[in-house]
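Working notes, beginning with the structure itself.
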């Protein structure tokens, strides 16, 4: 299949720039993955489409305020974006301006409570940077860092918690698992009270999630790697759900990629952790996932290919056309889709 097979036209005004005042008041397009039929609801209506015995799989990764604005000793402003923790206070980062941040360059953040040295130049403009500080790095980052919002969001975020899910707890992502942004504590309580189980996996989202596929043939695309974890408790809940005939419903493509990466061929899950670069596109046979809650994705992205693997490319593109006609909000702060069997 060609990358161009997953293109669609999106008016720029439909790209959501800010979150709604109430998380669960976003719209919800419900797509029957087999028939392609569509229903229009709101996210707070989600419990009506869940069944006792189902299980929601949530990604509890928390976004690092990983965008640091600093200056060089000569006074020039620069920006460092943390990508991967390499250990021993060293991080793989993106930097601007790259021409000024060569190996050996020094950077000062805030009043000097955090400084950094560029150690090496990597592929794709990345750098290895070692940080110097006193105290706890994550606490300093909370003070000095900003949320690394996607490039298509131009507005400043007044409340940084709105780019976190209400159940986030394990810091490490460079971007939010945005399908979970629609949940409120009250909605989760309603869901659990209706006999639906919830469990958490952790996948630390990388910035590669925003990159378009450049290969003409999608099979030639190389996925970025992301670190993920599944606890024994989560594995037990998922396995019991499958045994008892319930549906495993992933909240977001990150949760989907996590469980599909580490599932055995018979669909069972075990406690594990590691890196995944799984690429799910049409023709893939899901081992665990039965349904998916997700946002609307970028044209020609690996994520629209993943949802097409679940519901079929034609059904997905028709649903996206319908969402554009109905003026749904798109991407990270946008509305949601529930791909299921009605």
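Compute the FRET efficiency between residue 193 and residue 117 as 1/(1 + (r/R0)^6), taking r as their Cβ-Cβ distance and R0 = 51 Å, and round to the nearest 0.05.
0.45
Explain nothing, just the number: relative contact order of the stretch 106-166, from Cα pairs under 8 Å at least 6 residues apart, as a whole percent.
Once divided by the residue count of the stretch 106-166, the mean separation gives 22 percent.
If I take R0 = 25 Å and measure r between the Cβ atoms of residue 74 and residue 161 in this structure, what FRET efficiency does the formula 1/(1 + (r/R0)^6) give, to the nearest 0.05?
According to the calculation, E is roughly 0.10.
Provide the FRET efficiency to the nearest 0.05 for the residue 89-residue 184 pair, computing r from the beta carbons and using R0 = 35 Å.
0.40
Over all Cα pairs of the stretch 67-144, how is the pair count split among 10 Å bins, expressed in % and running from 0 up to the last occupied bin?
P(r) for the stretch 67-144, in whole percents per bin: 20, 60, 20, 0.
Exposure proxy check: 226, 92 ranked by fewest other beta carbons within 10 Å?
Ascending Cβ contact count within 10 Å gives the list 92, 226.
For the stretch 1-33, list residues with backbone N below 19 Å from a point placed 7 Å from the Cα of residue 219 toward its Cβ?
Under 19 Å, as judged by backbone N against the label point of residue 219, lie 1-6 of the stretch 1-33.
Hey, what did the stretch 34-131 get for relative contact order, percent, Cα under 8 Å, at least 6 apart?
19 percent.
When the chain is fully extended, how far beyond the present Cα-Cα distance does residue 130 get from residue 7, taking 0.36 nm per residue of separation?
Result: 40.3 nm gained on full extension.
How do 25, 332, 244, 173 rank when sorted from fewest to most other Cβ atoms within 10 Å of their own Cβ?
Fewest-to-most Cβ neighbours within 10 Å comes out as 244, 25, 332, 173.
Express in nm, to one decimal, how much length is gained between residue 137 and residue 324 on full extension, taking 0.36 nm for each residue of separation and deducting their alpha carbon distance.
That pair, residue 137 and residue 324, stretches by 63.0 nm at full extension.
Just report the Cα centroid separation between the stretch 69-122 and the stretch 231-296, whole Å.
37 Å
Once label points are set 7 Å from the Cα along Cα→Cβ at both residue 154 and residue 277, what is their separation, rounded to one decimal in nm?
Here the modelled spin labels are 3.5 nm apart.
Quick one: of the DSSP bridges fully inside the chain, what percent are antiparallel, nearest 5?
70 percent
In whole percent, what relative contact order does the chain give with Cα contacts below 8 Å and a gap of six or more residues?
Computed value for the chain: 26 percent relative contact order.
Once every DSSP H run of n ≥ 4 in the chain is given -39500 (n - 2.57) and the sum is divided by its residues, what mean residue ellipticity at 222 nm do you get, rounded to the nearest 500 deg cm²/dmol?
Roughly -5500 deg cm²/dmol at 222 nm, from the helical runs in the chain.
Quick note: the coordinates plus some simple rules give every number you see, no bench work behind them. Note that this is a predicted model, so its numbers are computed, not measured. Ideal geometry is used to build each Cβ from the backbone, glycine not excepted, and the neighbour counts take in all protein chains shown.
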